[in-house]
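Heads up, the thing below is written out as C-alpha cells.
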Amino acid sequence: MGCFCSKAGDSKASRISRWRSTGIVALRDCKLKTFPSEVLDLEKSVRTIDFTHNKIVDIPTEVCKLTNIQRLVLSQNLVERLPLNIGKLQSLKVLMLDGNRITSLPDELGLLVRLEKLSVSGNLLTCLPETIGSLRNLLLLNVSDNKLKSFPESIGSCYSLEELQANGNSIEELPTSVCNLVHLKSLCLDHNSLAQIPLNLLKDCKALQTISLHDNPLSMDQFQQMEGYQEFEARRKKKFDKQIDSNVMISSKGLDEGVDL
C-alpha cells in the first residue's frame, strides 16, 4: 500500500481520525504506488489530497467517491491517464498533475465546472479536449512543457481565465477566440513556433499586463504594430511601477518587453 510517512506512535486509526476531522490528506514523498484504500473509504470527508512526488501510476475509478474534494494534487508521479469518471468530482477547484506521463485529457474534464486551477505542465499532451471551454470558472491554466501544437477554438469560452501558461510546446498559432478572454492578465508562450498572434489580441484583451513570447519566430516590430499595443504597454509599465513602489522583487528580466528583438 505504500508508506504513510507517519511519525512513530502515529497509528493507522489516529491517522484516519485526523484525516476525517481535518479533511486534509497530505502524503508527499512517501513512495506510494497506489491510492491508499483508507483514503478512498473516507469518501465525503476528504477536501484536500496532496500526493506530490510519489510513484502513483493510476488514479482509481473509486476516486469518484470523494465527492467533496476541492484540491487534488498529484504532481511528480507516474500517472498516465485520468479516469473517465473524473467529472463526478463536482466540488473540485484545484487539479494539479504536473510532471506525470499523461498523453491526453478526457472529454469528461469539461464536467468539472467549478475548477479554478488546472496545471498539467511537464506531461506528454499533444492536444486539449474541446470540452475545456466548459470550464467557465477557470482562472489559471498551465500546460507548459508538453507537445501541444495548438489550442482548441473552445479555449475562448474559458471566460474567467486570468493566466495562461504554455511555454515549451510546439504551438504554431493561437485561435482567434483567445481574444474573448477579457479577464486575461498573463499570457506566457515562450519557446513555441508562433509566427504571429491574433491581430486583435492586445486590443480586445484589455486586462492583459504580461505577455511573453521569447524564442518564437515573431518580431518585436510585428508586436509593436498591433492595434492596442500602446494601451498594453501602459498597463505593463503600470504593473511594474506598482511592484517597485511596493518594494516587490522584480525578476532578472526587469522590464522585459516579452518578445525577442
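The values are calculated or read from the model by the stated rules, or taken from the named source; none is laboratory data. From a predicted model like this one, the values you see are computed outputs, not experimental measurements. Here the Cβ positions follow ideal geometry from the backbone for every residue, glycine too, while neighbour counts run over all protein chains shown.
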_Hey, Asp241 modelled with pLDDT under 95, part of a loop (DSSP other than H, G, I, E, B) and among the charged types (D, E, K, R) or not_ = no
_From the list Asp107, Asp58, Asp41, exactly one residue is surrounded by fewer than 14 Cβ atoms within 10 Å (Cβ to Cβ) and among the charged types (D, E, K, R). Which is it?_
Asp41
*Does Ser144 satisfy being within 23 Å of Lys88 (Cα to Cα) and in a loop (DSSP other than H, G, I, E, B)?*
no
*Looking only at segment 74-84, decide whether some residue is in contact with a strand residue (DSSP E or B) (Cβ under 8 Å, 6 or more places away or on another chain) and outside any loop (DSSP other than H, G, I, E, B).*
no
*Looking only at segment 147-167, which residues are within 12 Å of the chain's Cα centre (by Cα) and buried (at least 22 other Cβ atoms within 10 Å of the Cβ)?*
Leu161, Leu164, Ala166
*Tally the residues that are surrounded by fewer than 17 Cβ atoms within 10 Å (Cβ to Cβ) and under 17 Å from Glu163 (Cα atoms), restricting the search to segment 191-208.*
2
*asked:* Please pick out the residue among Ser104, Ser134, Ser121, Ser75 that is within 25 Å of Leu181 (Cα to Cα), at pLDDT 95 or above, polar (S, T, N, Q) and within 12 Å of the chain's Cα centre (by Cα).
replied: Ser121
*How many residues are among the charged types (D, E, K, R) and under 10 Å from Asp145 (Cα atoms) if we restrict to segment 166-189?*
0
_Tell me the residue from Gly87, Gly122 that is assigned by TED's automatic domain parsing to the domain that holds Thr61, out of contact with any strand residue (DSSP E or B) (no Cβ under 9 Å at 6 or more places or on another chain), crowded, with 19+ Cβ neighbours inside 10 Å and in contact (Cβ under 8 Å) with a residue 12 or more places away in the chain, please._
Gly87
